[in-house]
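Here the structure comes first, spelled out in structure tokens, and everything after it is commentary.
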Amino acid sequence: MRGKVFKSTGSWYEVYIEEENKVYASRLVGKMKLDKSFLTNPVTVGDEVDITKQNEQQATINKVYPRINYIARQSPKSKHHIHLIASNIDQVILVTTLQDPTFKPGFIDRFLLTTEPQNIPVIINVNKSDLHHDEEEKLYQELKITYETIGYKLHLTSTETKEGILELKSMLLGKTSLFSGQSGVGKSSLLNAIQIDLGLKTQEISESSGKGTHTTTFAEMFRMHEGGNIIDTPGIKLLSFNNLEVMDVAHNFREFFAASSLCKFGSQCTHRNEPDCEVKKQVNLKSISESRYLHYITILEEIEKQNHWERSKTY
């Protein structure tokens, strides 16, 4: 039977069979376990798989069908491996805040490096708008200009005042949407506000660190009553890239790649020390965001510090 992976807990997977409206607790067959790769998880939430029933509750996964797309990151437990977050996604809702926890501007650009190579649309959802004052309102407008100019949509929500909740829900209908963000940004509260009976746990912000603690341990897919699927993912504390080279980063900052056709070295320009670089010219003219450029330089420096054998593109 063909089904979809709704939850991954390490060695077990919950596979939903639509024809039966039933979930089977499933494990991989031996030959799939022995497949050597740099992936920590050969099967991920969103995968279409073939299963063989063992009994009325359990099954084995025999095959994973080719993925339309996927989101992957460096494994938080092993810097030498890649971890698949989810696959077969229509869009990502990247949840962030400007207050509680404090806004981390570089995180958005880091996360976009996981979606841009796969051409997955991203909506940047700024949550907890009820905490905004003049400073946050100004920052939101600056972010809106920066990211909507290059094709990403920004949306504002609050689970306290219900601002933007119905609009966000309408964006999810009929689609498979992955929700992601740093710990503590209110992702679970937001999902509960959209569809109350998801039963997702919420969390408090640590007063000592100002950071959130993980409430979602594994990625999990939920069906919406009105049609569509939501993938909830664990809060992210750090994003590193052992799977990218310098030019991968250069080509996936979309406005940099567009401008590179006018660089002296074209698409091979790294936009650092090369002469006649159009990207640097546009940064100076404020046509390209200086903050995005600085984040880009930081990511390049981190990648170059990694040994080549620490980076893998085999996934």
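Counted residue by residue at 0.36 nm each, then reduced by the alpha carbon distance between them, the extension gain from S261 to Q58 reaches 67.7 nm. Computing FRET efficiency as 1/(1 + (r/R0)^6) for Q141 and L166, where r is the C-beta to C-beta distance and R0 is 25 Å, gives about 0.65. A simple packing score, the average count of other Cβ atoms within 10 Å per residue, orders the peptides 158-164, 238-244 as 238-244, 158-164, with the highest score first. Modelling each spin label as a point 7 Å along the Cα-to-Cβ direction, I'd like the T9/K153 distance in nm, to one decimal. Those two pseudo-labels are separated by 3.5 nm. Of the peptides 262-268, 105-111, the ranking by mean beta-carbon count within 10 Å, highest at the top, reads 105-111, 262-268.
The shape of the stretch 77-232 comes out rounded: with a ≥ b ≥ c from the C-alpha gyration tensor, a/c is under 1.5.
Taking max minus min of the alpha-carbon positions on each principal axis, the stretch 246-310 gives extents of 37, 23, 19 Å, largest first. Report the calculated FRET efficiency for L173 and S78 (r = Cβ-Cβ distance, R0 = 41 Å), to the nearest 0.05. Efficiency, rounded to the nearest 0.05: 0.60. All other residues whose Cβ lies under 11 angstrom from that of S289 are scored, Lys and Arg at +1 and Asp and Glu at -1, for a net of -2.
A simple spin-label model places the labels of T298 and Q99 2.3 nm from each other, with each point 7 Å out along Cα-to-Cβ.
Relative to the current alpha-carbon distance between L131 and L285, full extension at 0.36 nm per residue lengthens the span by 52.1 nm.
Coordinate-derived values only; no laboratory data. Keep in mind the model is a prediction, meaning the values are calculated, not measured. Cβ coordinates were reconstructed from backbone atoms using ideal geometry, including for glycine residues, and neighbour counts include every protein chain displayed.
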